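The values are calculated or read from the model by the stated rules, or taken from the named source; none is laboratory data. The structure displayed is predicted, hence computed values, not measured ones. Here the Cβ is made from the backbone with ideal geometry for all residues, glycine too, and neighbour counts use every protein chain on show. Accessible surface areas use protein heavy atoms only, side chains included; no ligands, DNA or RNA. Shrake-Rupley method; radii C 1.70, N 1.55, O 1.52, S 1.80 Å.
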Amino acid sequence: MNPLFPLRRLKRGLAEKLGQMTRPPARIEIDNEPDLLVFDDGTTLAIADPNRAGFFKRGLWPRLESLRKQYGIPRSVFGDDLLFLDVGANIGEFGLLVRKLGGHYVAFEPDPFAHRALVENVPEAQVFSVAVSDRNEHRDFFLATATADSSLFRPLTGEVTEVRVVCDSLDNMAKSISWPASSRVLLKVEAEGSEPEVLEGARETLAQVDYVAIDAGPERGGENTAPNCINLLCSVGFDLEKANLERGCFFFRKSGSA
């Protein structure tokens, strides 16, 4: 384990807070690995920060379904022939959804706390600890794990820790991905402000992509990246199918894709 990133332990106060929830579905288990939520059915979930535990107070599956709906991804898209590319995977919640509904999962996550939980949650996945951008370089990365806002752009509020990370384009990394034969491809992007760079560095990959689900909220120093992302995707043959303006999520389908 890298001593620069000691994993934080769940505090008793959080456990007591969870215990006060109405019909709490999970209990807290503390060990020497990433913090775990243990659900009533015995399912475990590694989380990157104890402050994120409240998102699962209704259970694991309701949380996963809520995420799917926020991004506007139809359940019909999932299946054994789906390749799900998750840029900004965090702890791999979409990987668990792919495992349940069908598909192959490839994840990209540079936050070291989230990455460790991601590997724990989807050990069968191909995982890259890289910040996806438009070029290969080293850059400062601002950790805001507690709010899942870790980014190449400094958040406007809250304390952050700066670390150095490797950046690379999706077009470069695609050469290392195992592409199942005759697969449909969904690209999900939540890059906390770097969405335009992710798409610019994925122009070759986008030619093989059938669906794009993107969170383009105002994480780029308060700037909304949606206009740039929508214009780029429409210019390369994608149609905007669903928009969640409250969160800033958009789902695109390539023209002619089922």
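Being touching a Phe, Trp or Tyr at 6+ places or on another chain (Cβ under 8 Å) and either free of Cβ contacts under 8 Å to residues at least 12 places away in the same chain or farther than 21 Å from Leu170 by Cα (or both) is a condition met by at least one residue of the range 101-111.
Scanning the range 220-228 finds one or more residues that are under 14 Å from Val189 (Cα atoms), part of a loop (DSSP other than H, G, I, E, B) and either open to solvent by less than 50 Å² (accessible area, probe 1.4 Å) or out of contact with any strand residue (DSSP E or B) (no Cβ under 9 Å at 6 or more places or on another chain) (or both). Any idea which residue in the range 32-77 is farthest from Ala148 (Cα to Cα), counting only those that are β-branched (Val, Ile, Thr) and surrounded by fewer than 21 Cβ atoms within 10 Å (Cβ to Cβ)? Checking each candidate, the answer is Thr43. Going through Glu200, Glu195 one at a time, which residue ends up being open to solvent by less than 10 Å² (accessible area, probe 1.4 Å), under 20 Å from the mean Cα position of the chain (by Cα) and of a type in the set (Asp, Glu)? Being open to solvent by less than 10 Å² (accessible area, probe 1.4 Å), under 20 Å from the mean Cα position of the chain (by Cα) and of a type in the set (Asp, Glu) holds for just one of Glu200, Glu195, which is Glu195.
Within the range 193-201, can one find any residue that is hydrophobic (A, V, I, L, M, F, W, C) and part of a helix (DSSP H, G or I)? Yes, some residue in the range 193-201 is hydrophobic (A, V, I, L, M, F, W, C) and part of a helix (DSSP H, G or I). Of everything listed in (1) open to solvent by less than 80 Å² (accessible area, probe 1.4 Å); (2) modelled with pLDDT of 95 or more; (3) over 20 Å from the mean Cα position of the chain (by Cα), the single unmet condition for Ser257 is (2). Taking every residue in the range 197-210 that is among the polar types (S, T, N, Q) and pairing it with any residue that is surrounded by 19 or more Cβ atoms within 10 Å (Cβ to Cβ) and at pLDDT 95 or above, at least 6 positions away or on another chain, the pairs with Cβ-Cβ distances below 7 Å are Thr205/Leu170; Gln208/Val185.
Scanning the range 35-60 for residues that are touching a residue at least 24 places away in the same chain (Cβ under 8 Å) and in a helix (DSSP H, G or I) yields Pro50, Asn51, Arg52, Ala53, Gly54, Phe56, Leu60.
From the residues in the range 126-171 that are aliphatic (A, V, I, L, M) and more than 22 Å from Val106 (Cβ to Cβ), which one is most open to solvent (accessible area, probe 1.4 Å)? Ranking the candidates gives Leu156 first.
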